[in-house]
Amino acid sequence: LDWESLKARADAMADDLVERGLVAGDRLSIWMSNKVEVVIAFLACSREGIACNPSLHRSYTCAEIIELLTELSAKALLTEEGWGADRASKDFAAMTAELPFLRRVYTPKNFPNHITLVDRQPHANPDSIAYLAFTSGTTGKPKCVMHSSNTLLANARDLARDWSLDSGSVILTLSPFSHHIAWVALGQWLVCGGTLVMDDPPAGMSRLDWITETGATYVLGVPTHAMDILAEQKKRAIPRIGQVQTFYMAGSPIPEVVAKAFVDQGITPQNIYGMTECSGAIAQAVGED
């Protein structure tokens with residue numbers, strides 16, 4: 001999608017949410033794979049001041065999803081068939097039908113594609129809650145982290161500026177959109193106006209080939225993503241990983257051997273520290289020293 005098409009689809013989704021009775025402060029949850037509808041729904045929620053909750057992982061059971069939807073009193077859900085730990089053996093539609101607060105279940109098949117409202121003014125408060133992320137914390141029970149548009153974009157602005165991201169940047173996230181790293185990528189993409197690539201390669205295509213195919217210049221993930229890609233690169237004797245300039249890794253320190261493997265081919269390894277509450281707070285480049 002180009003930016004104009006993306007805006008049109010986000011407006012169409014936002015219009016449908018309004019017509020379903022959702023207002024600023026309501027919640028929409030997302031339980032699906034890396035599809036463009038995830039980004040569209042998030043932007044539509046932002047336009048209307050609706051809090052988007054995208055962190056429902058594939059590993060969750062249907063019963064766990066019902067519990068989390070109930071905790072949020074989510075007015076809408078975006079999902080897809082077959083997604084989830086036990087979706088094939090449960091009647092999830094019947095389970096959601098029992099939720100009195102849930103007004104709409106969206107899927108790629110019924111996703112709104114037509115703008116129906118004219119000259120609606122977008123939600124004007126950038127400090128209202130825009131994003132709700134469930135994190136396990138130390139107890140194992142999901143806790144809800146809240147972000148506003150301003151807090152999501154504060155670090156994104158600094159990172160985009162400090163790392164010279166612009167409209168020519170191709171930002172690829174290897175983390176799924178149920179994890180916060182993907183939303184760090186989205187924030188920087190919104191700020192710099194470049195291209196956002198989701199981890200949704202064609203069947204049979206490896207991540208290394210997907211990085212090369214998309215012309216990614218900035219890749220985000222965790223150290224294990226980097227290790228797997230470097231191992232495949234070495235096995236196939238590929239001299240360089242596509243057009244990548246920076247490889248962002250969060251969650252744990254970068255092993256020295258991984259950092260060196262990137263530096264040796266002219267790619268800057270970037271280590272990120274910070275909790276979801278800080279939205280990727282500190283970036284540190286790892287150089288030859």
Kindly list the number of the only condition in (1) in contact with a Pro (Cβ under 8 Å, 6 or more places away or on another chain); (2) within 20 Å of Trp31 (Cβ to Cβ) that fails for Pro176.
-> (1)
Here the qualifying pairs (Cβ atoms under 7 Å; residues six or more apart or on different chains; first in region 173-189 and farther than 13 Å from Gly251 by Cβ; second open to solvent by less than 10 Å² (accessible area, probe 1.4 Å) and assigned to a helix (DSSP H, G or I)) come out as Thr173/Ala182; Thr173/Ala185; Pro176/Ala182; Phe177/Val38; Leu186/Val39; Gly187/Ala156; Gln188/Ala156; Gln188/Ala160
Val197: touching a residue at least 40 places away in the same chain (Cβ under 8 Å) and either within 25 Å of Trp83 (Cβ to Cβ) or open to solvent by less than 20 Å² (accessible area, probe 1.4 Å) (or both), yes or no?
-> no
Output for region 111-132, where each listed residue is hydrophobic (A, V, I, L, M, F, W, C) and either surrounded by fewer than 13 Cβ atoms within 10 Å (Cβ to Cβ) or touching a Cys at 6+ places or on another chain (Cβ under 7 Å) (or both) = Leu117, Val118, Ala124, Ala130, Leu132
Quick one: which of Arg58, Arg103 is touching a residue at least 24 places away in the same chain (Cβ under 8 Å), in contact with a Gly (Cβ under 8 Å, 6 or more places away or on another chain), open to solvent by 60 Å² or more (accessible area, probe 1.4 Å) and within 11 Å of Trp31 (Cβ to Cβ)?
-> Arg58
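This table checks each residue for (1) part of a helix (DSSP H, G or I); (2) acidic (Asp, Glu).
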| residue | (1), (2) |
| --- | --- |
| Pro201 | no, no |
| Glu213 | yes, yes |
| Ala226 | yes, no |
| Pro239 | no, no |
| Phe247 | no, no |
| Gly266 | no, no |
| Gln270 | no, no |
Look at Ser73 and say whether it is open to solvent by 30 Å² or more (accessible area, probe 1.4 Å), farther than 17 Å from Ser178 by Cβ and more than 20 Å from the chain's Cα centre (by Cα).
-> yes
1 or more residues of a type in the set (S, T, N, Q) and over 26 Å from Thr173 (Cα atoms): qualifying helices (runs of 4 or more DSSP H) within region 1-98 | 62-72, 92-97
Tell me, please, whether a residue that is surrounded by fewer than 19 Cβ atoms within 10 Å (Cβ to Cβ) and at pLDDT 95 or above can be found in region 133-143.
-> no
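A quick yes/no check of all residues on (1) closer than 18 Å to Leu186 by Cα; (2) more than 24 Å from the chain's Cα centre (by Cα); (3) modelled with pLDDT of 95 or more; (4) not β-branched (Val, Ile, Thr):
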residue: Val222; (1), (2), (3), (4): yes, no, no, no
residue: Gln243; (1), (2), (3), (4): no, no, yes, yes
residue: Phe262; (1), (2), (3), (4): no, yes, yes, yes
residue: Ile272; (1), (2), (3), (4): yes, no, no, no
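The values are calculated or read from the model by the stated rules, or taken from the named source; none is laboratory data. Given the structure is predicted, the values throughout are model-derived calculations rather than measurements. Cβ sites come from the backbone with ideal geometry, for glycine too, and all protein chains shown count toward neighbours. These area figures cover heavy atoms from the full protein model, side chains too; ligands, DNA and RNA do not enter into them. Shrake-Rupley method; radii C 1.70, N 1.55, O 1.52, S 1.80 Å.
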